[in-house]
Every structure is written in C-alpha cells, then in structure tokens.
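Inspection log for the structure reproduced underneath, given as structure tokens.
The values are calculated or read from the model by the stated rules, or taken from the named source; none is laboratory data. Since the structure is predicted, the reported quantities are computational estimates derived from the model, not experimental observations. Because the Cβ atoms are built from the backbone with ideal geometry, glycine has one as well, and the counts that use them run over all protein chains shown. Remember, those area values only see protein heavy atoms, side chains included, never the ligands or the DNA or RNA. Shrake-Rupley method; radii C 1.70, N 1.55, O 1.52, S 1.80 Å.
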Amino acid sequence: MSHEHAESAFDKGHGFETRAIHAGYEPDPTTGAVNPPIYASSTYKQDGVGGLRGGYEYSRSANPTRTALEGALAAVEEGERGFAFASGLAAEDTLIRSLTKPGDHLIIPDDAYGGTFRLVDKVAKPWGVEHTPAPVSDLERIAAAIQPGRTKLVWVETPTNPLLNIGDIAAIAGIAHEAGALLVVDNTFASPYLQQPLALGADVVVHSTTKYVGGHSDVVGGALVVKDLDVAERIGFHQNAVGAVAGPFDAFLTHRGLKTLAVRMDRHCDNAERIVDFLTSHPAVGDVIYPGLETHPGHEVAQRQMKRFGGMISFRVRAGEGKALDVCANARVFTLGESLGGVESLIEHPGRMTHASVAGTELEVPADLIRLSVGIETVEDLIDDLERALG
Ligand code: PLP
C-alpha cells in the first residue's frame with residue numbers, strides 16, 4: 001500500500017498556484033529544507049520489528065520524495081489521493097489492472113494516443129479486457145459502445161492527441177455512471193492548470209507527467225489521481241504489487257516542474273494563440289485544429305470546461321504528406337521530436353512518428369498532419385521559424 005501523503009496546510013482551500021507550490025510537503029522538521037529532499041534510499045531503519053518511522057519501510061511501497069509529489073498532484077487535481085509512476089503508460093497499465101479483470105470491457109477514444117491504444121489492444125486485450133473505440137466528441141456513440149454489466153471504464157482524452165477533439169467530461173461522466181462504469185480522463189494535454197476533470201465528475205485522472213507537469217523534457221513519469229478512497233485503495237495495492245513507481249530523482253524533477261505549471265501554461269497558451277492566428281492566414285496551410293478557434297466543433301464545450309485552450313496545435317498542409325515532412329525537417333527553433341509540453345517548442349509528423357503504431361487501424365491520422373507543441377520561447381521567433389519552414 002502506498003504511503004498516504006502528509007496533510008499539508010495548503011492542500012485544500014487555496015488557489016491553484018499556492019497548492020502547486022506548497023501542497024504535499026511541509027518544510028523538513030530536521031533541517032527546514034523548503035524542497036523535498038531526494039530520498040535515495042531503498043529501505044528504512046526500523047525501531048524494532050515493525051517499528052516504522054513515519055510509515056516508510058521499502059521504496060517500492062513508498063518513498064518520501066514520491067509521497068510529496070503524490071500529495072501535490074492530488075491537491076492540484078482536487079482529488080483525494082495521487083499516485084506517481086515511472087511513465088504515463090506505467091500509470092495506465094496499473095490503472096487497467098486495478099479497475100478491470102479478464103472478461104471486462106472498456107471504451108477508449110477513437111483517436112487515443114497511439115501508446116494508449118497499443119497498451120489496450122496488445123496488452124489488455126490478450127489478457128482478456130476488450131475495448132471499443134468511440135469518438136470523445138460523440139455522446140451517442142459513447143453511450144452505444146457501452147456493454148451493460150461488462151463495461152467498467154469509459155476512457156477519454158480531452159483534448160485528444162493529436163486531433164484535439166473535445167469530450168464533454170460532465171456529460172460523459174453521466175453516461176459512464178448510469179452504466180455503473182468509471183470515467184477515466186487523460187488530462188495530459190490540458191494539464192491540471194487548465195482543466196480539473198474530477199471536479200466535473202470524472203473518477204480517475206491520468207497524466208503523462210512527462211509533458212506539461214514535468215514541463216522541461218527532462219523526465220519521464222506518469223500519475224493517477226482519484227477522489228474515491230475505495231478506488232484509491234485498489235490503485236495503491238496495484239502500485240505496490242506491480243511496482244512501476246516513480247524513482248525519487250524523477251519524483252523530485254516532476255514536483256519541481258509542477259510548481260511553475262501555472263506560469264508556464266499561461267505563456268504556452270499566449271504563444272499558441274498568436275501562432276494559430278499566423279497559421280489560419282497562411283496560404284500553404286489547410287485546416288488549423290485548435291479548441292480556441294470558434295470554428296472548432298468542440299469550442300463551446302472546451303470554453304466551458306477549460307480555463308484556456310492549451311499549447312498544442314495541429315494543422316494540415318495543403319500540398320500533402322511530402323510537404324508536411326519538409327516543413328518538419330526545415331524548422332529550426334521548433335525542434336523535430338516526439339513528446340510535448342516542455343518549455344521548448346517541438347514539431348512532429350504524427351503519422352510517421354507518435355502515431356505510427358496506429359497506422360492501418362481505425363485510429364490512423366491524416367498523412368498531411370503536423371503537430372506543434374508550442375513552447376515558451378519568444379513568440380516572434382516561433383512565427384518566423386514556421387514562416388520559413390512553410391516556404
Ligand atoms: N497520454 C497521452 C495523451 C500522451 O501523449 C502520452 C505520451 O505521449 C501518454 C499518455 C503516455 O505517457 P508516457 O510517454 O509518459 O508513458
């Protein structure tokens with residue numbers, strides 16, 4: 001069982017930024033250290049057999065650096081318990097093992113992150129948990145995909161990766177709960193600053209903390225946050241039983257990133273809005289996909305459930321795949337690379353890169369699609385770079 005995070009004076013009832021900076025940790029009583037020390041210790045001295053100091057016995061089960069991060073994650077997502085993992089997919093795998101068993105069924109987005117689809121299709125399915133893809137923006141298709149009694153999880157990403165489709169979290173929670181299923185929301189793209197799914201009715205929030213939460217492209221990690229203590233107990237059991245936990249160095253870096261999430265996200269959003277303006281008037285660019293655009297089919301729902309519209313933009317290049325590949329290769333300030341959510345801007349071709357694993361399936365993405373993770377550099381430099389790369 002993972003360690004319950006220490007109650008901090010800042011867990012509840014404070015603003016987002018205060019919780020992000022202070023929750024989960026009180027300055028160390030021995031030294032006064034304002035940041036959680038990196039507890040590089042696999043085991044803990046016991047005062048007599050079973051005499052644990054502060055509840056720690058072995059660092060797979062709990063480690064104080066991880067506990068501090070888990071408390072902060074719970075606080076920013078307005079949940080009761082947070083759990084930190086070695087990667088987003090490790091978090092997802094533990095979630096599936098915790099809340100489903102062979103014979104069960106789950107619903108996933110029909111444009112889910114490719115790695116999530118691979119996990120569900122190549123790992124969970126052979127284990128005996130089947131899935132049905134449904135568009136996150138289509139409530140009727142989600143409801144129709146429910147298999148009464150068998151569907152245990154309705155899983156959505158919003159915005160989705162890479163097509164930035166929007167799911168109405170409150171409405172989907174209603175559909176899931178009516179069927180006796182739990183709603184899981186992958187909140188990686190929005191980040192806890194822009195969207196808090198638990199407050200809208202979701203049961204579990206998933207993060208690849210590798211992205212905006214870590215924010216500096218220097219650590220891989222994942223998280224689950226829940227509000228129900230029974231669900232927390234099942235996840236806590238599996239976190240320890242499966243063991244895919246965040247190590248103390250990774251937990252420290254992720255926690256450090258979380259503290260500046262709010263200021264970073266505002267700049268990601270400012271820069272993305274300026275780039276969307278630029279792209280929508282560029283002759284070489286076809287569809288620009290950004291939930292902040294009034295023409296985006298999910299704009300109204302996004303406006304209701306998100307604080308702002310995020311730093312991710314996808315767009316299609318009129319001249320087709322070859323040109324899209326050239327644009328990716330020609331960018332200089334935008335680094336050609338997978339992943340997202342760091343301070344540096346990234347450009348990628350989902351069809352050949354992040355989403356290559358779904359080629360040939362119903363989750364395949366358009367070949368002329370480019371995805372941008374807009375960083376927090378000087379926005380004029382980003383626009384000049386795209387202008388040059390687009391030719
Ligand atoms: N969920 C989303 C939306 C992602 O974009 C990713 C990774 O790109 C993941 C989950 C998986 O996270 P990780 O790469 O940390 O395992």
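In the condition set (1) under 13 Å from Ala86 (Cα atoms); (2) within 16 Å of the ligand (Cβ to nearest atom), Pro248 is compliant with all but (2). For the range 131-147, name all the residues that are under 12 Å from Ile175 (Cβ atoms) and either part of a loop (DSSP other than H, G, I, E, B) or open to solvent by 40 Å² or more (accessible area, probe 1.4 Å) (or both). Those that are under 12 Å from Ile175 (Cβ atoms) and either part of a loop (DSSP other than H, G, I, E, B) or open to solvent by 40 Å² or more (accessible area, probe 1.4 Å) (or both): Val136, Asp138, Leu139, Glu140, Arg141, Ala143, Ala144, Ile146.
With the condition kept exactly as written, say whether any residue in the range 28-44 is of a type in the set (D, E, K, R), open to solvent by 80 Å² or more (accessible area, probe 1.4 Å) and in the same structural domain as Ile235 (by TED's automatic domain parsing).
Residues of the range 28-44 of a type in the set (D, E, K, R): 28.
Checking the rest, the ones that are also open to solvent by 80 Å² or more (accessible area, probe 1.4 Å) come to none.
No; the residues of the range 28-44 include none that is of a type in the set (D, E, K, R), open to solvent by 80 Å² or more (accessible area, probe 1.4 Å) and in the same structural domain as Ile235 (by TED's automatic domain parsing).
No other residue among Ala9, Ala112, Ala90, Ala86 is within 16 Å of the ligand (Cβ to nearest atom) and modelled with pLDDT under 95 apart from Ala112. Restricting attention to the range 348-368, the residues that are in contact (Cβ under 8 Å) with a residue 40 or more places away in the chain and either open to solvent by 10 Å² or more (accessible area, probe 1.4 Å) or more than 15 Å from the ligand (Cβ to nearest atom) (or both) add up to 9.
Confirm whether Glu80 is surrounded by fewer than 23 Cβ atoms within 10 Å (Cβ to Cβ), out of contact with any Phe, Trp or Tyr (no Cβ under 7 Å at 6 or more places or on another chain) and either within 12 Å of Gly221 (Cβ to Cβ) or among the acidic types (Asp, Glu) (or both).
Working: surrounded by fewer than 23 Cβ atoms within 10 Å (Cβ to Cβ): yes; out of contact with any Phe, Trp or Tyr (no Cβ under 7 Å at 6 or more places or on another chain): yes; either within 12 Å of Gly221 (Cβ to Cβ) or among the acidic types (Asp, Glu) (or both): yes.
Yes.
Take Ala112 and decide whether it is buried (at least 19 other Cβ atoms within 10 Å of the Cβ) and either assigned to a loop (DSSP other than H, G, I, E, B) or not assigned by TED's automatic domain parsing to the domain that holds Val136 (or both). Outline the logic, then answer.
Details: buried (at least 19 other Cβ atoms within 10 Å of the Cβ): yes; either assigned to a loop (DSSP other than H, G, I, E, B) or not assigned by TED's automatic domain parsing to the domain that holds Val136 (or both): yes.
Judged against the criteria, Ala112 is a match.
Of the numbered criteria (1) closer than 15 Å to Phe315 by Cβ; (2) surrounded by fewer than 22 Cβ atoms within 10 Å (Cβ to Cβ), the one Glu380 fails is (1). In this entry, Leu153 passes the filter for residues that are within 16 Å of the ligand (Cβ to nearest atom), among the aliphatic types (A, V, I, L, M) and open to solvent by less than 10 Å² (accessible area, probe 1.4 Å).
Among residues of the range 167-181 that are assigned by TED's automatic domain parsing to the domain that holds Ala143 and over 13 Å from Asp203 (Cβ atoms), none has a Cβ under 7 angstrom from a residue that is at pLDDT below 95 and of a type in the set (Asp, Glu) at a sequence gap of 6+ or on a separate chain. The lone criterion from (1) in contact (Cβ under 8 Å) with a residue 60 or more places away in the chain; (2) closer than 23 Å to Asp93 by Cα; (3) of a type in the set (A, V, I, L, M, F, W, C) left unmet by Ala262 is number (2).
Can you confirm whether the range 314-325 contains a residue that is open to solvent by less than 40 Å² (accessible area, probe 1.4 Å), within 19 Å of Ala190 (Cβ to Cβ) and within 24 Å of the chain's Cα centre (by Cα)? Scanning the range 314-325, I find at least one residue that is open to solvent by less than 40 Å² (accessible area, probe 1.4 Å), within 19 Å of Ala190 (Cβ to Cβ) and within 24 Å of the chain's Cα centre (by Cα), so the answer is yes.
Across the range 173-205, which residue is farthest from the chain's Cα centre (by Cα) among those that are surrounded by fewer than 24 Cβ atoms within 10 Å (Cβ to Cβ) and not in a loop (DSSP other than H, G, I, E, B)? Filtering the range 173-205 for residues that are surrounded by fewer than 24 Cβ atoms within 10 Å (Cβ to Cβ) and not in a loop (DSSP other than H, G, I, E, B), the one farthest from the chain's Cα centre (by Cα) comes out as Glu178.
Of everything in the range 52-72, what is open to solvent by less than 10 Å² (accessible area, probe 1.4 Å) and either part of a loop (DSSP other than H, G, I, E, B) or not assigned by TED's automatic domain parsing to the domain that holds Gly221 (or both)? Give them in sequence order. Correct list: Ala62, Asn63. Tell me which of these Ser345 doesn't satisfy, since it passes every other one: (1) touching a Phe, Trp or Tyr at 6+ places or on another chain (Cβ under 7 Å); (2) at positive phi. Failed condition: (2).
Every residue, every condition in (1) basic (Lys, Arg); (2) surrounded by fewer than 17 Cβ atoms within 10 Å (Cβ to Cβ); (3) in contact (Cβ under 8 Å) with a residue 40 or more places away in the chain, yes or no:
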residue	(1), (2), (3)
Gly215	no, no, yes
Val219	no, no, no
Gly222	no, no, yes
Val225	no, no, yes
Asp230	no, yes, no
Phe237	no, yes, yes
Ala241	no, yes, no
Val245	no, no, yes
Phe249	no, yes, yes
